[in-house]
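A.B. asks: This is the structure I want to talk about, given as structure tokens.
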Amino acid sequence: MKSEAPTLIDPALAEHVLTRALAHGGRFAEVFAERRRGLTMSIDESRIEAVQSGAEEGAGVRVVEGGTTYFAHVDGLDPADLERAADEAAAALRGERREPQALRAVATEPLTIAVRPEAVEAGRKAALLRELDQRARGKGGEVVQFTGSYAEARREVTVANSDGRFAGDDRTRTRIGAQVVARRGDVVETGAETLGAHRGFELLEDDPGPIAEQAAGKALTLLDAGPAPSGSMPVVVGGGFGGVLFHEMTGHGLEADHIQKGASVYAGKLGERVAQPLLSAYDDGRLPGEWGSDAIDDEGSPTQKTLVIEEGRLTAYLYDYLTAERDGVASTGNGRRESFRHLPIPRMTNTYIAPGEATPEQMIAELEKGFYAVSFAGGQVDPATGDFVFGVSEGYLIESGKVTRPCRGATLIGNCLEALQAIDAVGDDFFMKTGICGKGGQRVPVGTGQGHVRVGAMTVGGTER
Amino acid sequence: MSGLAETAGSAVEAALEAGAGAAEAYAVRDSGREVRVHGGEVESLTAATEAGVGVRAWIGHRVGYAYCTDLSAAGVTAIAGRAVEAARVADPDDFAAPPEPAVAAGLVGLSDPSVAAWSTAEVADLALAVERTALDADARIAGVEQAVYADSAEQVAIASSTGVAGEYESSSCYAYLQALAAGDGARETGLGFGLARGPAGLDPTAIGVEGAARALAMIGAGKPESRACPVVLDPTVAASFAGLIGGAIAASAVQRGRSPFAGRLDQEVASEAFVLHDDGLDPEGPGSAPFDGEGVPRRRTALIEGGRLRTYLYDTYTAHRGGERSTGNASRHGYRSLPSVSTSNLVVGGGEASLGELLVAAGEGIYVTDVAGLHSGVNPVTGVFSVGASGRAIRGGELAEPVREFTIAGELVAMLGAVRAAGADSRWVPFGGSVCTPPLLIGEMSVSGS
């Protein structure tokens, strides 16, 4: 079912609002209108609870003059609400009136949603959570707790700006999560897994049970874990969510706002070798159905596939409207915002290391001693210094070319530039996973992906002495 | 007060009409502004207004929730109906029931008139002064990534079919910057911040100086040796750990067996040097209010005193379940979320030692000024943690060279048992929720570096 981009505010009203926003000057004005609907529920102690539905609508208006952005947001999409936002954004400007260009609608095609989640009765969603609960508990008596979550969210957006752009998008995301606590005597471990996409309920119509079983498997495996090793050693990083390592240590540093403030270790390195030639990487907001995909970004620019590292060489930064204007280039469609209550900033969409030629088995077999980080609980980076830290949620020791025992409580720390250069093998077993990325107080859905990747040397902060 | 209480009241009525046995509505109106500056210029200026209502509906022991931004009669009626529909999907839970009304004393000092009185130009000047102070502090300050000022004035009203009714207003503001220092072929960042009820309560010079000092202190940092050694946590780091402790003391975590404090009530869980209160009434605490997210009066509660765990934190649901009374710790993230148990303001008891005396007591160790990866490096069920850290070496009882790219690891309860002293100088920190804490000396922690 192809959907039409919605029109939350008609072009005549949008032009009126833009005209009003430019009443006291400004070289650029924009109105971003949004309607949000969502439903979440969870299962805990085998009971459906926290059933919540939400409905919000509102708009954000910004005016740019000189180096300053004037922004106001309001709840509601009535003409009076939009006028109030325009007047508040323009309030601090003192220049001559400007006229916006006539709006020209950009044809956009929202991603295909086969089964609208809001058309599926809530009881089926509850039944799905009960199924996850049973599947996880079916992995044995050591599974002592299961928490499952279901979330559907729809964001309809319309954006119009004084350059004449008028575009819309209709985004529906669906996601489930599974968290397991396993216990054996005094040893307690947790395991988690998620499944999400920029798709409708069709995502869950095939059996979603395996994610509950996988979460249980992780927690059960960790019951046998010993302490993690400490020190510098080769690290093999798992596929899929392992890509969060690249997202954090390189992706954020390529966002043009960090670059332009000199607050990125990748500033001034365009065209330079930043990784071994075996590594190429992309940011791609157009991958069909992927969690981080949209038809347009939150400034109305079409999303695109951007080659950021080509065979080890840094080839592109990620731009929104303002940072692109400053560098005299075109936006790469990375202007994203959490909601109409936020200003757009350069953000990743789906970021991934392209598949390589190595197999995970080879990467591991070549190591005398190393660490195998299958999955992360999360990570954090300071783009200015390049220092990063990752919590490993599932990790194993590698000894004499073999994965030997699971380890608990490992943390990977290091510096982006060194760690990226140290990637000496990229796997052919590519897949994507979902994440929620925070930056500047805004959370947006992002995809991360890769096959297995090996970092020649990295600091593992473990608990073994 | 601007009809917010009436909105809440009519939402409750509408939910009852839609079939709820009991209902509660929580309505919020908020106006705020934010100024971001960079390079001596205002980079962005935001004016925000927001209003919404959330409705909790009970049908027997089933609960549902719905919220919206449309406060018109039609909007409120629609959302009340959705809350009832949501309740029909939920499974019954014997302990789910609406809170009973209780009289909350008024709390003065939550609103500062300077939020309304200061013009946008004046608060922009404050943010610019924060940035300028840092830039002028030292030639090695290469820039300021961002300096930010933000404030908000909020009105809250609550009403329920069981007779809960209340409203209050409060204001808050903060300013911070991330300073960049260059030296030794690398860049270092340093955070400076301040919190207050209004801009008149902020000291832009102190904030700028702090950011610059933190960045400068890190120039030339290397990895410390892996070892077990005494560690002094500065207040920002102590606050992050206190926040983890506060989360683990929430009855919701304890009752579901997801806390290292489960089954340890009245037992020894810390050294006597570590004292922890939850205080929802201190006017200086950003989390203070006359009542919590379900209308129960806020209060001051001793959590860890004399080395023992004195109580868990409760909302109405967990109190019913635990056979206790609510401690007034139902928290909400505005009208968009169901109330859940969380700390209001955590207050770590101060000791008598200056920072210098703590360093002397540490002798040889590490002064930790920043931790990263707390959300991924801590197992909330077991309390086992391994987090990234940076700071300064302590040599001969004094601060020595900067250190970075190491982890500190341990287990939360064991760490509390190893607290040897709390410093005398406390400050409010927006990490770990809202925490007022001095620096803490930990007798021994596992440090993993080179």
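Read-outs: derived from the displayed coordinates by stated rules, not from any lab. Keep in mind that this is a model prediction, so the values were computed, not measured. Glycine gets a Cβ as well: all are built from the backbone with ideal geometry, and neighbour counts include every protein chain shown.
A.B. asks: What spacing in nm lies between the two simple spin-label points modelled at B:Glu225 and B:Leu399, each 7 Å away from Cα in the Cβ direction?
C.D. replies: For B:Glu225 paired with B:Leu399, the spin-label model returns 2.3 nm.
A.B. asks: As I understand it, the value is the acute angle between the Cα axis of helix A:122-137 and the longest principal axis of the Cα atoms of chain A; what does it come to in degrees, rounded to 10?
C.D. replies: Roughly 20 degrees, rounded to the nearest 10.
A.B. asks: Can I ask one more? Using the charge dipole of the protein assembly as shown (Lys, Arg: +1 at Cβ; Asp, Glu: -1 at Cβ; taken about the Cα centre), state which of A:Val308, B:Tyr335, A:Phe201 has its Cα farthest towards the positive end.
C.D. replies: A:Phe201
A.B. asks: May I ask you to derive the relative contact order of the stretch B:240-341, considering only C-alpha pairs under 8 Å and at least 6 residues apart, and to give it as an integer percent? Please list the in-between numbers first.
C.D. replies: On the way: 177 pairs, mean separation 26.7, N = 102.
26 percent.
A.B. asks: OK, next. Identify, among A:Phe388, A:Val426, A:Leu367, the residue whose Cα sits farthest towards the positive end of the charge dipole of the stretch A:362-465, taking +1 on the Cβ of Lys and Arg and -1 on the Cβ of Asp and Glu, with the dipole about the Cα centre.
C.D. replies: A:Phe388
A.B. asks: With the crude spin-label approximation of a point 7 Å out along Cα→Cβ, what separation in nm comes out for B:Arg88 versus B:Asp138?
C.D. replies: 6.5
A.B. asks: Rounded to the nearest 0.05, what FRET efficiency do A:Glu45 and B:Gln267 have when you use their Cβ-Cβ distance and R0 = 22 Å?
C.D. replies: 0.30
A.B. asks: Which order do the peptides B:410-423, B:216-229 come out in when sorted by mean C-beta neighbours inside 10 angstrom, highest first?
C.D. replies: Peptide ranking by packing, descending: B:410-423, B:216-229.
A.B. asks: Okay, next question. Over chain B, what is the relative contact order in whole percent, taking alpha-carbon pairs under 8 Å and six or more residues apart?
C.D. replies: After rounding, I find 15 percent.
A.B. asks: Note down, for the stretch B:102-208, the three equivalent ellipsoid semi-axes (square root of 5 times each alpha carbon gyration tensor eigenvalue), biggest first, whole angstrom.
C.D. replies: With the √(5λ) rule applied to the stretch B:102-208, the semi-axes are 38, 15, 10 Å.
A.B. asks: Tell me which GluC sites (Glu not before Pro) from the stretch B:304-390 have a DSSP coil assignment and no more than 14 other beta carbons within 10 Å of their own.
C.D. replies: When the GluC sites (Glu not before Pro) of the stretch B:304-390 are filtered for loop state and at most 14 Cβ neighbours within 10 Å, B:Glu324, B:Glu352, B:Glu364 remain.
A.B. asks: Still on this structure, please answer the following. Go from 0 up to the bin containing the longest alpha carbon distance in the stretch A:61-166, width 5 Å each, and give me the % of pairs per bin.
C.D. replies: Computed distribution, short to long bins: 2, 8, 12, 13, 12, 10, 8, 8, 7, 7, 6, 4, 2, 1, 0.
A.B. asks: Using alpha carbons only, how many degrees (0 to 90, rounded to 10) separate the axis of helix A:209-222 from the longest principal axis of chain A?
C.D. replies: 50
A.B. asks: Kindly flag which residue pairs out of A:Lys305/A:Lys439; A:Lys261/A:Lys433; A:Lys269/A:Lys439; A:Lys125/A:Lys305; A:Lys305/B:Lys223 have an alpha-carbon separation exceeding 27 Å in this structure.
C.D. replies: Working: A:Lys305/A:Lys439 22 Å; A:Lys261/A:Lys433 30 Å; A:Lys269/A:Lys439 23 Å; A:Lys125/A:Lys305 34 Å; A:Lys305/B:Lys223 39 Å.
Distance filter (> 27 Å) returns A:Lys261/A:Lys433; A:Lys125/A:Lys305; A:Lys305/B:Lys223.
A.B. asks: Roughly how tilted is helix A:79-90, in degrees to the nearest 10 and between 0 and 90, from the longest Cα axis of chain A?
C.D. replies: 90
A.B. asks: Suppose R0 equals 56 Å; then what is the FRET efficiency for A:Gln134 and B:Ser450 from their Cβ-Cβ distance, rounded to the nearest 0.05?
C.D. replies: The formula returns an efficiency of 0.70 here.
A.B. asks: Using a Förster distance of 30 Å, how high is the FRET efficiency between A:Thr19 and A:Ile436, based on the Cβ-Cβ distance and rounded to 0.05?
C.D. replies: 0.20
A.B. asks: May I ask which residue of A:Leu287, A:Ser264, A:Ala107 lies farthest towards the positive end of the charge dipole of the protein assembly as shown, with charges of +1 (Lys, Arg) and -1 (Asp, Glu) on Cβ and the Cα centre as origin?
C.D. replies: Projecting each Cα onto the dipole axis, the largest value belongs to A:Leu287.
A.B. asks: Where does chain B land at 222 nm, in deg cm²/dmol rounded to the nearest 500, when only DSSP H runs of n ≥ 4 count, each adding -39500 (n - 2.57), divided by all residues?
C.D. replies: Working: 11 runs with 112 residues, N = 450.
That comes out to -7500 deg cm²/dmol.
A.B. asks: For A:Arg94 and A:Ala119 in one chain, what is 0.36 nm times their gap in residues minus the Cα-Cα distance, to one decimal in nm?
C.D. replies: Taking 0.36 nm per residue and subtracting the Cα distance, the gain is 4.1 nm.
A.B. asks: If Lys and Arg each add +1 and Asp and Glu each add -1, what is the summed charge of the other residues whose beta carbon sits under 14 Å from the beta carbon of B:Leu107?
C.D. replies: For residues surrounding B:Leu107, the net value is -4.
A.B. asks: Now a separate question. Please list, by residue number, every one of the trypsin sites (Lys or Arg not before Pro) in the stretch B:282-349 that is coil in DSSP and has at most 14 other beta-carbon atoms within 10 Å.
C.D. replies: Filter output for the stretch B:282-349: B:Arg325.
A.B. asks: Would you mind giving the mean number of other chain beta-carbons within 10 Å of the Cβ of each residue in A:376-382, as a whole number?
C.D. replies: The shielding value for this peptide is 6.
A.B. asks: Per residue, how big is the convex hull around the C-alpha atoms of chain A? Give it to me in cubic angstrom, could you?
C.D. replies: Per-residue hull volume (Cα only) is 143 Å³.
A.B. asks: Using per-residue counts of other Cβ atoms within 10 Å, averaged over each peptide, order A:389-396, A:298-305, A:126-133, B:174-181 from highest down.
C.D. replies: Details: A:389-396: 27.2, A:298-305: 21.5, A:126-133: 19.6, B:174-181: 25.4.
Going from most to least packed, we get A:389-396, B:174-181, A:298-305, A:126-133.
A.B. asks: Average partner chain C-beta neighbours within 10 Å, per residue of A:126-137?
C.D. replies: 0
A.B. asks: Normalised radius of gyration for the stretch A:333-401, please: alpha carbon Rg relative to 2.2 N^0.38 Å, two decimal places.
C.D. replies: 1.60
A.B. asks: With +1 on the Cβ of every Lys and Arg and -1 on the Cβ of every Asp and Glu, and nothing else charged, how large is the dipole of the protein assembly as shown about its Cα centre, in debye rounded to the nearest 20?
C.D. replies: Computed charge dipole of the protein assembly as shown: roughly 1040 debye.
A.B. asks: Here's a follow-up. Please give me, ordered by residue number, the trypsin sites (Lys or Arg not before Pro) of the stretch B:134-203 that lie in loop per DSSP and have at most 16 other Cβ atoms within 10 Å.
C.D. replies: B:Arg140
A.B. asks: Moving on. Might you report the magnitude of the Cβ-based charge dipole of chain B about its Cα centre, with Lys and Arg at +1 and Asp and Glu at -1, to the nearest 20 debye?
C.D. replies: 940
A.B. asks: Calculate the mean, over all residues of peptide B:402-410, of how many other protein chain Cβ atoms lie within 10 angstrom of the residue's Cβ.
C.D. replies: 5
A.B. asks: Counting pairwise Cα distances across the protein assembly as shown, what percent come out greater than 44 angstrom? Don't skip to the answer; put the middle values down first.
C.D. replies: Values: 113725 of 418155 pairs.
I get 27 percent for the Cα pairs in the protein assembly as shown exceeding 44 Å.
A.B. asks: Can you compute the helix-only [θ] at 222 nm over chain A? Use -39500 (n - 2.57) per DSSP H run of at least 4 residues, normalise by all residues, nearest 500 deg cm²/dmol.
C.D. replies: Value at 222 nm, helices only: -5000 deg cm²/dmol.
A.B. asks: While we're looking at this one, here's another question. List the lysines whose Cα lies under 20 Å from the Cα of A:Lys369, skipping any in the same chain that are fewer than 8 positions away.
C.D. replies: Answer for A:Lys369, where 20 Å is the Cα cut-off: A:Lys402, listed by chain and number.
A.B. asks: Would you calculate the separation in nanometres between label points at A:Thr404 and B:Glu6, each defined as 7 Å from the Cα along the Cα-to-beta-carbon direction?
C.D. replies: It works out to 7.4 nm between the two label points.
A.B. asks: At 0.890 mPa s and 25 °C, plugging the Kirkwood radius over alpha-carbon pairs of chain B into Stokes-Einstein gives what diffusion coefficient in µm²/s?
C.D. replies: Result for D is 105 µm²/s.
A.B. asks: I've got another one for you. With charges set only on the Cβ (+1 for Lys and Arg, -1 for Asp and Glu), what does the dipole of the stretch A:372-437 come to about its Cα centre, in debye to the nearest 20?
C.D. replies: Numbers: 4 positive and 8 negative charges, 63 e Å.
For the stretch A:372-437, the charge dipole is close to 300 debye.
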